[in-house]
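Structure, as structure tokens:
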């Protein structure tokens, strides 16, 4: 009888840990990253990361400010990059963490140049 109670308790515990609200979604994106970046306007938003990249995507060929850190991306000013990035979206996150994170996957191209038409 004790084994049955232990088994039922264990199963109940495991089922309660399987929370459907903690699902992640993944999206593969190719970014063109400008040769310059800017200091964030609002550092309090994500204080551990104080710069914004200027990026273009296949859907948007205009340079836009990208306020997220790209994990494991070794940026060097003066080079324009084309990189493959994994966007991870969390359905829930701690209060002090963003709902999205971006992970560097691979370098497609790195060219020493000054990016043109960057916003002020």
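Just give me the residues in the range 64-76 being over 14 Å from the mean Cα position of the chain (by Cα) and closer than 11 Å to residue 31 by Cβ, in sequence order.
64
Identify, please: which residue in the range 77-110 is under 14 Å from residue 36 (Cβ atoms) and part of a strand (DSSP E or B) and is, among those, farthest from the chain's Cα centre (by Cα)?
Our first condition is that a residue be under 14 Å from residue 36 (Cβ atoms); within the range 77-110, this holds for 77-81.
Pick out the ones that are also part of a strand (DSSP E or B) and you get 79-81.
Numbers: 79: 21, 80: 19, 81: 17 Å.
Filtering the range 77-110 for residues that are under 14 Å from residue 36 (Cβ atoms) and part of a strand (DSSP E or B), the one farthest from the chain's Cα centre (by Cα) comes out as 79.
What residue, of 23, 27, 36, 56, is more than 20 Å from residue 119 (Cβ to Cβ), at pLDDT 90 or above and surrounded by 10 or more Cβ atoms within 10 Å (Cβ to Cβ)? Talk me through it step by step, then tell me what you get.
Values: 23 fails: at pLDDT 90 or above; 36 fails: more than 20 Å from residue 119 (Cβ to Cβ); 56 fails: more than 20 Å from residue 119 (Cβ to Cβ).
After applying the criteria, what remains is 27.
Out of 49, 79, I need the residue that is over 17 Å from residue 120 (Cβ atoms) and either loosely packed, with under 12 Cβ neighbours inside 10 Å or modelled with pLDDT under 90 (or both). Which one? If you could, list the steps in order and put the result at the bottom.
On the way: 79 fails: either loosely packed, with under 12 Cβ neighbours inside 10 Å or modelled with pLDDT under 90 (or both).
One residue alone meets the criteria, 49.
What single numbered condition from (1) closer than 19 Å to residue 119 by Cα; (2) exposed (fewer than 12 other Cβ atoms within 10 Å of the Cβ); (3) modelled with pLDDT under 90; (4) in contact with a strand residue (DSSP E or B) (Cβ under 9 Å, 6 or more places away or on another chain) fails to hold for residue 97?
Of (1) closer than 19 Å to residue 119 by Cα; (2) exposed (fewer than 12 other Cβ atoms within 10 Å of the Cβ); (3) modelled with pLDDT under 90; (4) in contact with a strand residue (DSSP E or B) (Cβ under 9 Å, 6 or more places away or on another chain), only one is false for residue 97: (1).
The values are calculated or read from the model by the stated rules, or taken from the named source; none is laboratory data. On a predicted model such as this, the values are computed, not experimentally measured, just so you know. Don't worry about glycine lacking a Cβ; one is built from the backbone with ideal geometry, like all the others, and counts go over all protein chains shown.
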